Amino acid sequence: MPHLRDLSRDTRLSAALDGELDEADKAEIEALVASDPQARAVQDDLRRGSDFGIQAFAQVLREPVPLTLVRNIKTATPPRKAVRLPQSQRPALEFKPTRRQAFAACALLVMAAGAIGYMIGNRPQMETFAQLAMPVTSGWLEDIATHHRVFSRQTDHLVEVPASDSPHLVDWLMATTGVSFRVPDLSADKLEFLGGRLFSAAGKPVGQLVYRDEDGGIVSICFARNLVGNDQNLAEQIRDDIGLIAWHRDQTDYVVTGASSDAKLDGIAAKVAGRI
């Protein structure tokens, strides 16, 4: 750093305010301010400017993180590194079948062709059995996301049954979906329970409990009977602007939906899983 005397007066005054001077230079500046009214006025201006900058920066830090930034962080994935697998040399095969081996191979081919023909002839019955055995998963989360995207923009028709008639709502959804549940209290997360509604996803009735946060955003809990068919932990998925936290328990599938930019969505889902 240049010697104090080699710097301009304003620079020396600024350095004094920032605490960048040693004791000797600090004493020299204090004497200058005490004896020179103009230097004292410049120091006051610098101090006011510094205070204003600190307050403005503190105000920026208090502002919420933009939703677009949160969404980009949640959806970002680390770049994959290309991995070149070692190429092993294929051994040269020198195999000349005998006449008996060739005849046996032809016989196996004929038997395989017959089995394939039989399977093709019975294909309708096989498809029916496969459809009955396979859990209905196709379109489940896509239907949930599409439904949330449409209904969450409503203002006067967010729910079919309001929260004020919760006993009727619970009885109705239980009887229709076959799912026994409780309405979770999420007021500690600043979520207001508005009521519920019924819709269809993947060909099955789905119950939905609707909440609204303090910013007007909609968070909902959806549940249906036996759509996945196996136990799993909370799993987050994103469909554009919609975030979904799904899990399966006791032959019931649950999904908490909200804005994909909502950083608290996974925490809300964890609470719902323990209270519903």
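So in region 160-194, with the set limited to residues that are over 24 Å from the mean Cα position of the chain (by Cα) and more than 23 Å from residue 250 (Cβ to Cβ), which one is surrounded by the fewest Cβ atoms within 10 Å (Cβ to Cβ)?
First pass over region 160-194, keeping only residues over 24 Å from the mean Cα position of the chain (by Cα): 160-182.
Filter once more, keeping what is more than 23 Å from residue 250 (Cβ to Cβ): 160-165, 168.
On the way: 160: 15, 161: 20, 162: 15, 163: 16, 164: 9, 165: 13, 168: 12.
Top of the filtered list is 164.
Of the residues in region 195-216, none is of a type in the set (Val, Ile, Thr), surrounded by 14 or more Cβ atoms within 10 Å (Cβ to Cβ) and either in contact with a His (Cβ under 6 Å, 6 or more places away or on another chain) or free of Cβ contacts under 8 Å to residues at least 40 places away in the same chain (or both). Look at (1) modelled with pLDDT under 85; (2) polar (S, T, N, Q); (3) assigned by TED's automatic domain parsing to the domain that holds residue 242 and you find that residue 152 fails only one, number (1).
Tell me, which strands (runs of 3 or more DSSP E) wholly within region 206-272 include 3 or more residues that are assigned by TED's automatic domain parsing to the domain that holds residue 159, at pLDDT 85 or above and closer than 19 Å to residue 170 by Cβ? Can you show your working first?
Numbers: elements: 218-225, 232-239, 242-249, 252-259.
In region 206-272, the matching strands (runs of 3 or more DSSP E) lie at 218-225, 252-259.
In region 234-261, the qualifying residues are those that are touching a Gly at 6+ places or on another chain (Cβ under 6 Å) and within 22 Å of residue 187 (Cβ to Cβ), and the one that is surrounded by the fewest Cβ atoms within 10 Å (Cβ to Cβ) is 259.
Residues in region 266-276 that are surrounded by fewer than 21 Cβ atoms within 10 Å (Cβ to Cβ) and free of Cβ contacts under 8 Å to residues at least 60 places away in the same chain: 266, 270, 273, 274. Within region 205-219, the residues that satisfy the criterion of being under 18 Å from the mean Cα position of the chain (by Cα) and of a type in the set (Val, Ile, Thr) are 218, 219. The single residue among 38, 59 that is at pLDDT below 80 and in a helix (DSSP H, G or I) turns out to be 59.
The values are calculated or read from the model by the stated rules, or taken from the named source; none is laboratory data. Worth saying up front: this structure is predicted, and the values here are computed from it rather than measured. Methodologically, a virtual Cβ is constructed for each residue, glycine included, from the backbone with ideal geometry; neighbour enumeration extends over all protein chains shown.
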